[in-house]
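**Q** What follows is a structure written as structure tokens; I'll ask about it next.
The values are calculated or read from the model by the stated rules, or taken from the named source; none is laboratory data. Worth saying up front: this structure is predicted, and the values here are computed from it rather than measured. Positions of Cβ are generated from backbone atoms using ideal geometry, with glycine treated the same way; all protein chains shown enter the neighbour counts.
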Amino acid sequence: MPYQLLTASGLEYVQVGAAGEIRQYSAHAPALLGSDPANFDPATWLTDPNNLRDLQAGAMVLELRDGTTLYVLQGAARPHDELETLRRQSRTLRDTLDAVDATIVVYDRERRYLLGNRAYHAMFPHLPSEQDLTGQRYEDLLARSIDAGSVADPEAYRDPAGFIARRTQEVMHEDTRPREVYNRASKRWFMIRVSRTPDGSRVALRVDITAQKQLQEELAKAHLAAEAASRAKSQFLANVSHEVRTPLNAVINFAQLIAEELHGPAGNPTYVEYAETIRDSGQYLSVLFNDLLDLARAEAGQLTLARQPINLRALITSVSRMLLVEAKTGGVTMGANLPPTLPAVLGDSTRLRQVLINLISNAIKFTEPGGTVNIAATRVDRWVETTIADTGCGIAPGDLERVLLPFEQVVDPSRRRNPGVGLGLPLTKHLIELHGGSLALDSAPHRGTTVTIRLPVAEAAPTASPPG
């Protein structure tokens, strides 16, 4: 009995029955109550209301399950304080568990019920009260739940005994990794986490994750819709580019014939100039549509590469010479630092030429007269790193990600001497990544821009992403 434990701890007590009679008392309790132990009469002591009032005022009161009340006297102050502290801690723990927005239930190592929080009893209202549950085995409570129809697994009703036996074994040897379960009856998702205390007790936490699952489903649908829209856009661009290029080629070719007067004089020099303008504009549109088609293919994963070892030093030199006239026209000085020992890279020669033309042409385009564009290349481990640095207007840090998106332009049009719609950098980034490489931008307003690309060395194709 509880009072025996208290006596063993050196505490003095008086146990009073439901009818107001003294049932038990410790040896020194009468002396603490101001009575002579030799003449103490428990049958008549409580008939004096003053005695009961004094008892209640000077003792700690514990309500026992059998309906009696245990008055722990303050004859030993330290044990009393410790017991009061334990009671306060117990209340705090219970309040904390009840405040958790999830079910918590604890069974001991013998599968006997120890405690459950308020959310647990709200989820399983068919179970008895906490007081009546204490000590009952897991399998008995599972049988109650089956009888109440609150078990989600249909197997529980086809073979209750087998289901209870299987679940009991699973509980004893349960994997403690989190698992998700769906309750068809309530149409809700739960995350169940199980842990073990040092003494082997099983603590199960059940969290309602229905809202999170619904959000995941909505995000997945939105992702699929975005992918479908992206594919439709890419297909549209590919179709438009293909349909326009055929008549456009005719316009370019006939304008070239008129400009060169291959079939006789145009009759007026102005017509020749008009024809040259038509030809140049058509060629610009042709390049634009080619970029659109390449970008659409790249985004759709339909752009393929003819990989082979490429002499990158020779390729950079060739492209630089081709763009030298454009640089001189814009008053821009070009320089290069290309070591003769630069190793070959693994890539598609045509696509890498396209990349270099885009990057070097962009650097020239956005550099003011008197500025410079410098090209350098060096080997870094399994990669060849190429940088194109200009002294142009630069890009604000907040715009660095934008310029890599199709059709985004962040430079004031008045500062661009050449036309463009914002496809060069996005397409270049796609092409570099198709080679297994990377592209990075470093820029600031009035400080110029440095573009760094990394490509795999031909002798060692990459197995992981390039550094940086």
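**Q** Pairs under 9 Å by beta carbon, first residue in contact (Cβ under 8 Å) with a residue 40 or more places away in the chain in the stretch 29-54, partner assigned to a helix (DSSP H, G or I), six or more apart or different chains?
**A** Sorted first by the residue in the stretch 29-54, then by its partner, the pairs are ALA29/PRO37; LEU33/TRP45; LEU33/ASN51; LEU33/ASP54; LEU33/LEU55.
A quick yes/no check of all residues on (1) part of a helix (DSSP H, G or I); (2) out of contact with any strand residue (DSSP E or B) (no Cβ under 7 Å at 6 or more places or on another chain); (3) without any contact (Cβ under 8 Å) to a residue 24 or more places away in the chain; (4) of a type outside the set (Gly, Ala, Ser):
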{"position": "PRO198", "(1), (2), (3), (4)": "no, yes, yes, yes"}
{"position": "ARG206", "(1), (2), (3), (4)": "no, no, no, yes"}
{"position": "ARG245", "(1), (2), (3), (4)": "yes, yes, no, yes"}
{"position": "LEU248", "(1), (2), (3), (4)": "yes, yes, no, yes"}
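**Q** For residues that are assigned to a helix (DSSP H, G or I), within 16 Å of GLN354 (Cα to Cα) and β-branched (Val, Ile, Thr), tally how many sit in the stretch 272-316.
**A** So the count comes out to 2.
**Q** Now for a separate question. For the stretch 337-403, list the strands (runs of 3 or more DSSP E) that sit wholly inside it and hold at least 1 residues that are among the basic types (Lys, Arg); which are they? First the steps, then the outcome.
**A** On the way: elements: 345-347, 372-380, 383-390.
By residue number, 372-380.
**Q** Further question on the same structure: Checking the conditions here, which among ALA266, ALA259 is out of contact with any strand residue (DSSP E or B) (no Cβ under 8 Å at 6 or more places or on another chain), surrounded by 13 or more Cβ atoms within 10 Å (Cβ to Cβ) and not in a helix (DSSP H, G or I)? Quick ask: steps written out before the conclusion?
**A** On the way: ALA259 fails: not in a helix (DSSP H, G or I).
Exactly one residue qualifies, and that residue is ALA266.
**Q** Could you please let me know if THR44 is at pLDDT 85 or above and more than 30 Å from LEU142 (Cβ to Cβ)?
**A** On the way: at pLDDT 85 or above: no; more than 30 Å from LEU142 (Cβ to Cβ): yes.
The answer is no for THR44.
**Q** Of the conditions (1) hydroxyl-bearing (Ser, Thr, Tyr); (2) closer than 13 Å to ALA204 by Cβ; (3) surrounded by fewer than 17 Cβ atoms within 10 Å (Cβ to Cβ), TYR107 satisfies every one except a single condition; which number is it?
**A** Against the list (1) hydroxyl-bearing (Ser, Thr, Tyr); (2) closer than 13 Å to ALA204 by Cβ; (3) surrounded by fewer than 17 Cβ atoms within 10 Å (Cβ to Cβ), TYR107 comes up short only on (3).
**Q** Among the residues that make up the stretch 110-131, is at least one of them under 34 Å from the mean Cα position of the chain (by Cα), in a loop (DSSP other than H, G, I, E, B) and surrounded by 14 or more Cβ atoms within 10 Å (Cβ to Cβ)?
**A** Here is the first cut: in the stretch 110-131, the residues under 34 Å from the mean Cα position of the chain (by Cα) are 116-124.
Subsequent filtering for residues that are in a loop (DSSP other than H, G, I, E, B) retains 117, 124.
Checking the rest, the ones that are also surrounded by 14 or more Cβ atoms within 10 Å (Cβ to Cβ) come to 117, 124.
So far as the stretch 110-131 goes, yes, one or more of its residues are under 34 Å from the mean Cα position of the chain (by Cα), in a loop (DSSP other than H, G, I, E, B) and surrounded by 14 or more Cβ atoms within 10 Å (Cβ to Cβ).
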